[in-house]
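Read-outs: derived from the displayed coordinates by stated rules, not from any lab. Just so it is clear, the structure is predicted and the values come from calculations on it, not from any experiment. In this analysis, Cβ positions are derived from the backbone assuming ideal geometry, glycine residues included, and neighbour counts consider all displayed protein chains.
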Amino acid sequence: MTEALVQVRDLRKWFPVKQGFLAALTGEERQYVRAVDGVSFDIRKGEVFGLAGESGSGKSTVGRLVLRLLEPTDGSVVFDGVDLAGLSAEEMRKLRHRMQVVFQDPLASLNPRMTIGEAIEHPARIHMPQLSPEERRALVLRMLEQVGMVPPEFFYSKYPHQISGGQRQRIVFARGMITAPDLIVADEPIAMADVSVRALLLDLMMQLKDEFDLTYLFITHDLATAKYVCDRIAVMYLGKIVEVGPLEDVYTNPQHPYTRALLDAVPVPDPLHRRTEPLPAGEIPNPINPPSGCRFHPRCPIAQEGICDGEIPPLLPVAGNPEHRAACFLRTGEYQHLDPLR
Amino acid sequence: MMDDILYSTRDLTVDYATRSGDVHAVDQVSLDIRRGEILGLVGESGCGKSTLGKALMRMIRPPGRISGGELWFDGRNLMTLSEKEMQHVRGGEIGMVFQDPMTSLNPVQRVIDHLTETIRTHEPKVSDAAARARAEELVEKLGIRRERLDDYPHQLSGGMRQRVMISLALALRAKLVIADEPTTSLDVIVEAKFLDLLRELRDEFDLTILMITHNIGVVAEVADRVAVMYAGKMAEVGDVYGVFRDPKHPYTQGLLQSVPNIDLDEHELYKMEGSPPNLLNPPSGCPFHPRCPQAMDVCAVEVPVFHEVVPGQSTACWLYELEATRD
């Protein structure tokens, strides 16, 4: 098995809910939004690991925890053998150039008063002080070329508002690449782009991956797009991973009823394949007081009373395959004989 | 005018005045919306699809203006109506649902007040109690419990807010609902439910729906016909099965091939070259010709005429003009 670049273990992030003065005075118990609530996974060197889920599933929070842009409430993130929790701010800064992030909105990620060249050069100034200004400029021009912004000299002195949205996202990638990182956390990197631009950006991501030996954590709500880039994928629901495995296994043989529902709901661009499967009842519950047991049980078509609402189901192998795991008592757990669809 | 057509635009042009001159955001578009259909209007950012949707309600604000064409809605040319008459058409006969329901709903007004106010503005004779009863019946049909009517918009989920928006259109028994990216801010499962709801409403209320979206999958899922816009012009219009099976315009062909599809075994997406043109300085001839893999000499010189090339499918492309003249 390939080595893990990132190991995430029992990661938790609880955000305290703002409490009123009176509630604090009367000693009312503080409430928390359990954005991430016990998540474990590995990101292997050289792979694209997808993290999928709906709004509020906690996928973006996991991304920020992996980069230590947020401090976890509990649990650990180990990056290339180093436990990030034990690092001082200075040590963390030294590690930063090995991990970069690309967000959804490139316009919000770029300083409108910095030229594109300056923006890409910025991380190099911080992390590569050994380079002379000439060397840095040469590096920036090479990066521009690398992300398809040619001629690079032409784009170097442009401002973000002077180029298109797709080009801006290319610049954000170039800025991320300049410190030669090992890991890129891409949080919905193409969600804002138009259809024809999306294909080009996905292509760029894969090209950069090959050329720079990158590893990606690809965070998305769009399972159709994930199909084109991810090697493995984890599906999150209300702060927990419900299913994880090689993309093909998860897509062709989804075990958790939530994974199945999510895959069924994706609109297919073919009117001959309109969805006929029923959708899960209700909406995502409040993460402040999530349902007991399996968090999906109130909406689950196969949930069994007394089982699914009790303990929290663990992630267990699907049909003995340790690579593909799902957290469902009726599918991978000890109550498989009670699965009504079996 | 044919009776099965509810709305028909003829050579509709919408201009925006800019410092560098007029931009044709919508350029001589002739489009028919049939009674009882769900028509999907697709295109990429800046193609003019939202502007077209607003123009149908005469909601273009300066520096934009409708600079030409006719808007025939249910037998009347809306261009000839006074602003006061238009106000009755808007909301009363044509409802609108936008992408972000939070900005369309008043945050300090309860949901019920939105509904009763809408009903009583357009039908002043209806009593408050009667309006409330009508609102309750309506929202329950849309899957919202009547107790939730006393909530404020922020207390509802995104999917519920979108259903409230639809209920506002239905409260006055609108004939046409223009939905501009109604599912874009929704999660997939909520989106799928909303699409189911739209279909049900169409059947139950005999509604006609114009669904403006960039999401090709959504169109394939609910639309009866699809209209594809590019650079302010109509590139192709046709039956959804026909267009998806055999798209005529090279832009439609490229667009459909570049949509991620979860079902197929393809592992690569088609990559369309170039990007949409700057409308301040649009290309000569067919606006798609600089990116078109099948462009010919004529494409750069003359604008192709939009016409029916196979039954139920129309396009503006020289490939088919030549075929026609050769026959």
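Give, in nm to one decimal, the length gained when the segment between A:Ala281 and A:His122 is fully stretched (0.36 nm per residue of separation minus the Cα-Cα distance).
52.4 nm
Normalised by the number of residues in region B:133-211, what is the relative contact order in percent for Cα pairs under 8 Å and 6+ residues apart?
Working: 56 pairs, mean separation 25.4, N = 79.
Dividing the mean separation by the residue count of region B:133-211 yields 32 percent.
Show me A:163-176, B:53-66, B:118-131 ranked by packing, highest mean number of other Cβ atoms within 10 Å first. Provide the component values of the computation, followed by the final result.
Numbers: A:163-176: 22.5, B:53-66: 17.1, B:118-131: 13.6.
Ranking, from highest mean packing down: A:163-176, B:53-66, B:118-131.
Listing B:Glu204, B:Glu93, B:Glu302, B:Glu221 from the residue with the fewest other Cβ atoms within 10 Å to the one with the most, what is the order?
Fewest to most other Cβ atoms nearby, the residues stand as B:Glu204, B:Glu302, B:Glu93, B:Glu221.
Charges on Cβ only, +1 for Lys and Arg, -1 for Asp and Glu, centred on the Cα centroid of the protein assembly as shown; of A:Leu272, A:Ala174, B:Thr213, which one is farthest towards the dipole's positive end?
The residue sitting farthest along the positive end of the dipole is A:Ala174.
Ranked from highest to lowest mean number of other Cβ atoms within 10 Å per residue, what is the order of the peptides B:73-85, A:256-268?
A:256-268, B:73-85
Using a 10 Å cut-off around each Cβ of peptide A:47-56, what is the average number of partner chain Cβ atoms that fall inside?
1
Compute the long axis of helix B:158-171 from its Cα atoms, compare it with the longest principal axis of the Cα atoms of chain B, and write down the angle in degrees, 0 to 90, nearest 10.
Rounded to the nearest ten degrees, it is 80.
Taking Cα pairs under 8 Å and at least six residues apart, what relative contact order does region A:269-325 come out at, in percent?
The value is 25 percent.
Could you give the angle, 0 to 90 degrees to the nearest 10, between helix A:165-177's Cα long axis and the longest principal axis of the Cα atoms of chain A?
Between the helix axis and the principal axis of chain A, the angle is about 80 degrees.
Just checking the output field for A:259-268: average partner chain Cβ neighbours within 10 Å of each residue's Cβ?
Mean number of neighbouring Cβ atoms from other chains: 6.
Using only Cα atoms, find the angle between the long axis of helix A:195-212 and the longest principal axis of chain A, and express it within 0 to 90 degrees, rounded to the nearest 10.
Its long axis makes an angle of about 80 degrees.
For A:Lys158, list the lysines whose Cα falls under 18 Å from its own Cα; do not include residues on the same chain fewer than 8 positions away.
none
Report, in deg cm²/dmol and to the nearest 500, the calculated mean residue ellipticity at 222 nm for chain B, where each DSSP H run with n ≥ 4 adds -39500 (n - 2.57) and the sum is divided by the residue count.
Computed ellipticity for chain B at 222 nm equals -9500 deg cm²/dmol.
Region A:27-96 to region B:1-37: how many Å between their Cα centroids?
Each part's Cα centre sits 50 Å from the other's.
Would you give the gap between the C-alpha center of region B:151-215 and the C-alpha center of region B:228-256, rounded to a whole Å?
Here the answer is 25 Å between Cα centres.
Normalised by the residues of chain B, what does the relative contact order come to in percent, with Cα pairs under 8 Å and at least six apart?
Relative contact order, chain B: 20 percent.
Ignore the peptide's own chain and count Cβ atoms of other chains within 10 Å of each Cβ in B:234-242; give me the average, rounded.
The mean count of partner-chain Cβ atoms within 10 Å per residue comes to 1.
With a cut-off of at most 10 other beta carbons within 10 Å, and DSSP calling the residue loop, which GluC sites (Glu not before Pro) in region A:222-313 qualify? Please list them.
A:Glu305
Label point 7 Å out from A:Asn289 along Cα-to-Cβ: which residues of region A:1-45 have amide N under 15 Å?
Answer for region A:1-45: A:17, A:28-34.
Per DSSP H run of n ≥ 4, the term is -39500 (n - 2.57); total these for chain A, divide by its residue number, and report the mean residue ellipticity at 222 nm rounded to 500 deg cm²/dmol.
-9000 deg cm²/dmol, from helical runs alone.
Quick check for me: using +1 on Lys/Arg Cβ and -1 on Asp/Glu Cβ, what's the dipole size of the protein assembly as shown about its Cα centre, in debye to the nearest 20?
The calculated dipole for the protein assembly as shown is roughly 1640 debye.
Using +1 on the beta carbon of Lys and Arg, -1 on that of Asp and Glu, and nothing else charged, what's the dipole of chain B about the Cα centre, debye to 20?
Numbers: 35 positive and 50 negative charges, 228 e Å.
It works out to roughly 1100 debye.
Taking a ≥ b ≥ c as the square roots of the Cα gyration tensor eigenvalues, with a/c under 1.5 meaning rounded and otherwise prolate when a/b beats b/c, else oblate, which class fits the protein assembly as shown?
Here the protein assembly as shown falls in the oblate category.
Within region B:221-259, name every residue whose backbone N is under 13 Å away from a label modeled 7 Å from Cα of A:Leu272 along the Cβ vector.
Answer for region B:221-259: B:241-247.
Please work out the FRET efficiency for the pair B:Glu302 and A:Asn253, using the Cβ-Cβ distance as r and a Förster radius of 56 Å; give the result to the nearest 0.05.
0.55
If a/c stays under 1.5 just call it rounded; otherwise compare a/b with b/c (prolate if a/b is bigger, oblate if not). Do that for chain A, with a ≥ b ≥ c from the square roots of the Cα gyration tensor eigenvalues.
Numbers: a/c = 1.97, a/b = 1.56, b/c = 1.26.
Taking the square roots of the gyration eigenvalues as a ≥ b ≥ c, chain A is prolate.
Going Cα to Cα from A:Lys94, which aspartates and glutamates come in below 18 Å? Please leave out same-chain ones fewer than 8 positions away.
Straight-distance partners of A:Lys94: A:Glu71, A:Asp80, A:Asp83, A:Glu121, A:Asp182.
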